[in-house]
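Engineer: Let me give you the structure first, and then I'll get to my questions.
Rule-based calculations on the coordinates, nothing more; no lab input. All values derive from a computational prediction rather than experimental measurement. Because the Cβ atoms are built from the backbone with ideal geometry, glycine has one as well, and the counts that use them run over all protein chains shown.
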Amino acid sequence: MARHAFVHLPDPPVNFLKFLLDQWILVLAAVTSGALLAWPLISRGTQGGKVNATEAVRLINREKALLIDVSEPSEYAVAHAAGSRSIPLGGLENASNLPKNKALPLVVVCPSGVRATRAAATLKRLGYENAHALAGGLAAWREANLPLEKSA
């Protein structure tokens, strides 16, 4: 006659919870590591896709990107990136001088980059999926020694 030995094992959820409590430092490290790895993917969607001045120039030269300046008219008159179109942030949704081709890359500029980020998100909502904010704004453009213009 064969004899069967049965070993009673605790329920799996109890083992798992005990492990989590016993190894809380490892669990915390794993969760933190995962969050830090996921952060660039999460923040990229909310930032409207920021680009630096070098990447903006590459988009303009190679992909025929348009520069859109969302500064107020008085700010635009003082200084703006050469060749940029003035479309103040408040009038962006009703602007008639946005390109008809929504696949065309857009680089959005403002003095600091804050309004440009919001404008890029607005443009994406309007269907311009290739809209990018210039990180650092006009200050970064100036720092990169890129051409500026003044309005009369």
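Engineer: Being surrounded by 12 or more Cβ atoms within 10 Å (Cβ to Cβ) and touching a Phe, Trp or Tyr at 6+ places or on another chain (Cβ under 9 Å) narrows it down to one residue among ALA120, ALA135; which is it? Full working, then the answer.
Structural biologist: Values: ALA135 fails: touching a Phe, Trp or Tyr at 6+ places or on another chain (Cβ under 9 Å).
Residue meeting the stated conditions: ALA120.
Engineer: Sticking with this structure for a sec: Given the conditions (1) without any contact (Cβ under 8 Å) to a residue 12 or more places away in the chain; (2) at negative phi, and given that ASN145 satisfies all but one, which numbered condition is not satisfied?
Structural biologist: (2)
Engineer: Residues being in contact (Cβ under 8 Å) with a residue 40 or more places away in the chain and either under 15 Å from GLU72 (Cα atoms) or surrounded by 17 or more Cβ atoms within 10 Å (Cβ to Cβ) (or both): count how many of those fall in segment 92-117. Explain how you work it out, then say what you get.
Structural biologist: We begin by selecting, within segment 92-117, every residue in contact (Cβ under 8 Å) with a residue 40 or more places away in the chain; these are 104-111, 113, 115-117.
If we keep only those that are either under 15 Å from GLU72 (Cα atoms) or surrounded by 17 or more Cβ atoms within 10 Å (Cβ to Cβ) (or both) as well, we get 105-111, 113, 115-117.
Matching residues across segment 92-117 total 11.
Engineer: Another one. Name the residues in segment 67-84 that are touching a Leu at 6+ places or on another chain (Cβ under 9 Å) and surrounded by 18 or more Cβ atoms within 10 Å (Cβ to Cβ), would you?
Structural biologist: Taking segment 67-84 first, the residues touching a Leu at 6+ places or on another chain (Cβ under 9 Å) are 67-72, 75, 79-84.
Those that are touching a Leu at 6+ places or on another chain (Cβ under 9 Å) and surrounded by 18 or more Cβ atoms within 10 Å (Cβ to Cβ): LEU67, ILE68, ASP69, VAL70, SER71, HIS80, ALA81, SER84.
Engineer: Taking the criterion of being among the acidic types (Asp, Glu) and within 16 Å of the chain's Cα centre (by Cα), would at least one residue in segment 117-129 satisfy it?
Structural biologist: Of the residues in segment 117-129, the ones among the acidic types (Asp, Glu) are 129.
Narrowing the set further to residues that are within 16 Å of the chain's Cα centre (by Cα) leaves 129.
Checked segment 117-129: at least one residue is among the acidic types (Asp, Glu) and within 16 Å of the chain's Cα centre (by Cα).
Engineer: Would you be able to say whether some residue in segment 82-89 is assigned to a helix (DSSP H, G or I) and free of Cβ contacts under 8 Å to residues at least 40 places away in the same chain? Quick ask: steps written out before the conclusion?
Structural biologist: Pass one, segment 82-89, residues assigned to a helix (DSSP H, G or I): 89.
If we keep only those that are free of Cβ contacts under 8 Å to residues at least 40 places away in the same chain too, we end up with 89.
So far as segment 82-89 goes, yes, one or more of its residues are assigned to a helix (DSSP H, G or I) and free of Cβ contacts under 8 Å to residues at least 40 places away in the same chain.
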